[in-house]
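*Asks:* Below you will find the structure I want to go over with you.
Throughout, read-outs are computed from the coordinates displayed, never taken from laboratory work. Predicted, not measured: the structure shown is a model, and the values here were computed from it. In this analysis, Cβ positions are derived from the backbone assuming ideal geometry, glycine residues included, and neighbour counts consider all displayed protein chains.
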Amino acid sequence: MKLLSRSLCFLTVFLLLSFANAGAQGITVQDAWIRGIPPSATTTAAFMTIHNTGSDDAVLKSADCDVAETVQIHTMEQVGEIMKMKEMSELRIPANGQAILAPKGYHIMLIGLIRPINEGETISLSLNFTDRATVAADAVVKKWGSMPPMSHH
Ligand SMILES: [Cu+2]
């Protein structure tokens with residue numbers, strides 16, 4: 001019994017270590033996806049959940065994507081009765097917390113696509129945090145559905 005609890009303990013430590021190594025400072029990205037757009041469109045957005053298991057806040061400063069000329073961190077802001085997109089200089093992910101990037105909220109704006117993107121395709125994003133740590137995220141292109149595009153009424 002004692003032996004068993006000891007091996008369980010080792011296993012726990014091992015799992016914790018592997019999780020910590022999965023991303024810089026315990027940052028992991030879950031469910032990353034990109035809104036599919038018609039071939040004629042050149043702007044879209046990426047969404048995901050960023051988990052921070054570290055004991056310090058993580059600060060996302062910028063992002064890169066090979067298929068977009070410009071990548072910006074955006075939020076949605078209520079201006080009168082209209083929701084408008086607004087660029088943010090950074091996005092803070094609280095210690096032992098998460099930031100949810102989802103339609104109508106935070107998102108990563110991909111501007112000036114250099115080629116059409118296809119539904120089901122996986123596109124790599126790089127998330128750049130303040131300490132120069134970069135976390136890679138693979139985002140799948142998904143159909144937007146029948147929802148209207150953001151920021152237009
Ligand atoms: Cu935007």
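*Asks:* What are the residues in region 86-109 that are under 16 Å from the mean Cα position of the chain (by Cα) and away from the ligand (no atom under 14 Å from the Cβ), if any?
*Replies:* At the first step, the residues of region 86-109 found to be under 16 Å from the mean Cα position of the chain (by Cα) are 87-94, 97-109.
Those that are under 16 Å from the mean Cα position of the chain (by Cα) and away from the ligand (no atom under 14 Å from the Cβ): Ser89, Glu90, Arg92, Ile93, Pro94, Gly97, Gln98, Ala99, Ile100.
*Asks:* Another question about this same structure. Pull up region 98-146, narrow it to residues that are charged (D, E, K, R) and out of contact with any strand residue (DSSP E or B) (no Cβ under 6 Å at 6 or more places or on another chain), then point me to the one that is nearest to Thr53 (Cα to Cα).
*Replies:* Asp131
*Asks:* Let me ask you something else. Step by step: first the residues of region 32-47, then only those that are under 19 Å from Met76 (Cβ atoms) and in contact with a Gly (Cβ under 8 Å, 6 or more places away or on another chain), then the one that is surrounded by the fewest Cβ atoms within 10 Å (Cβ to Cβ). Which residue is that?
*Replies:* Thr43
*Asks:* Being away from the ligand (no atom under 16 Å from the Cβ), assigned to a strand (DSSP E or B) and small (Gly, Ala, Ser) is the filter here; which residues of region 52-85 pass it?
*Replies:* Ala58
*Asks:* Let me ask something else. Criterion first (within 11 Å of the ligand (Cβ to nearest atom) and in contact with a Ser or Thr (Cβ under 9 Å, 6 or more places away or on another chain)) does Gly112 satisfy it? Reasoning before the result, please.
*Replies:* Values: within 11 Å of the ligand (Cβ to nearest atom): no; in contact with a Ser or Thr (Cβ under 9 Å, 6 or more places away or on another chain): yes.
When the stated conditions are applied, Gly112 does not pass them.
*Asks:* Within region 124-146, does at least one residue satisfy the condition of being away from the ligand (no atom under 14 Å from the Cβ), part of a strand (DSSP E or B) and aromatic (Phe, Trp, Tyr)?
*Replies:* yes
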